[in-house]
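What follows is a set of notes on a single structure, which appears directly below.
The values are calculated or read from the model by the stated rules, or taken from the named source; none is laboratory data. Please read all numbers here as calculations on a predicted model, not as lab measurements. In this analysis, Cβ positions are derived from the backbone assuming ideal geometry, glycine residues included, and neighbour counts consider all displayed protein chains. Calculation scope for accessible area: heavy atoms of the full protein, side chains included, ligands and nucleic acids excluded. Shrake-Rupley method; radii C 1.70, N 1.55, O 1.52, S 1.80 Å.
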Amino acid sequence: WKPVADYIDQQFEQYFRDESGLNRKNIQDNRVHCCIYFISPFGHGLRPLDVEFMRALHQRVNIVPVLAKADTLTPTEVERMKNKIREEIDQYGIRIYQFPECDSDEDEEFKLQDQALK
């Protein structure tokens, strides 16, 4: 995870340097805003490598954990794995991306979709 963390830090530092300069018209934003982290569906939750990797990055970037190859599991297995992974993420204090709250003026169908995604 060290090379990934170093790359994220370098991109933020470069953007900060460009923003601090005199010519700010043509700045390219190459910062990393999100890390889609694939979790193996085999096993019983997070591996120690998964935990260390996410703990190293969660202060730097939004992490979106994804259960890889979830289509190879039954719906019951998927639900069980998701619950186990959520418990471990909470246990280790890893912050993951949380969907923002939807506006109060949204229609009921949209609110239900938003709740299902959360």
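Can you give the helix-only mean residue ellipticity at 222 nm for the chain, where every DSSP H stretch with n ≥ 4 adds -39500 (n - 2.57) and the sum goes over all residues, rounded to the nearest 500 deg cm²/dmol?
On the way: 4 runs with 56 residues, N = 118.
For the chain, the value works out to -15500 deg cm²/dmol.
Among GLY45, GLY21, GLY93, whose mean-square fluctuation peaks in a Gaussian network model of the chain (Cα, cutoff 10 Å)?
GLY21
How far, in nm, would the chain grow between ASP6 and THR72 when pulled straight, counting 0.36 nm per residue and subtracting the alpha carbon separation? The partial results should precede the final answer.
Values: separation 66, 0.36 × 66 = 23.76 nm, distance 3.42 nm.
Working it through step by step, the gained length comes to 20.3 nm.
Apply the a/c threshold of 1.5 to the C-alpha gyration tensor of the chain and tell me whether it is rounded, prolate or oblate. Walk me through the numbers before you get to the answer.
Working: a/c = 2.74, a/b = 1.40, b/c = 1.96.
It is oblate, given that a/c is not under 1.5 and a/b is not larger than b/c.
Over region 1-98, calculate the relative contact order: mean separation of alpha carbon pairs under 8 Å at least 6 apart, over the residue count, as a percent.
Numbers: 91 pairs, mean separation 28.7, N = 98.
Computed value for region 1-98: 29 percent relative contact order.
Rounded to the nearest whole Å², what accessible area per residue is found for the chain with the 1.4 Å probe?
Values: 8970 Å² over 118 residues.
Each residue of the chain exposes 76 Å² on average to a 1.4 Å probe.
How large is the accessible surface of LEU112 in square angstrom, using a 1.4 angstrom probe and rounding to the nearest 10?
Approximately 120 Å² for this residue.
Could you pull out every one of the aspartates and glutamates with an alpha carbon less than 20 Å from that of LYS111, ignoring same-chain neighbours closer than 8 positions?
GLU101, ASP103
Which helices count as membrane-span-like in the chain under these terms: full DSSP H, at least 18 Å along the axis by C-alpha, Kyte-Doolittle mean of 0.0 or more? Don't skip to the end; give the middle numbers.
Values: long enough: 2-20 (27 Å, -1.33); 75-91 (24 Å, -1.68).
Result, helices passing both filters: zero.
For LYS118, list the lysines whose Cα falls under 22 Å from its own Cα; do not include residues on the same chain fewer than 8 positions away.
Cross-link targets: LYS69, LYS82, LYS84.
Under a 10 Å cutoff between Cα atoms, tell me which one of PRO75, PRO41, PRO100 has the largest fluctuation in the Gaussian network model of the chain.
For the chain, modelled as a Gaussian network with Cα springs under 10 Å, the answer is PRO100.
Scan the chain and hand back the longest stretch that contains none of the GluC sites (Glu not before Pro) lying in DSSP loops with at most 15 other Cβ atoms within 10 Å. Each step should come with its number before you reach the end.
Values: sites that count: GLU101, GLU106.
Value returned for the longest uninterrupted segment is 1-100.
When the accessible area of the chain is split by element with a 1.4 Å probe, what percent falls to carbon and sulfur?
Values: 4590 of 8970 Å².
Looking at the chain in its full context, I get 51 percent from C and S.
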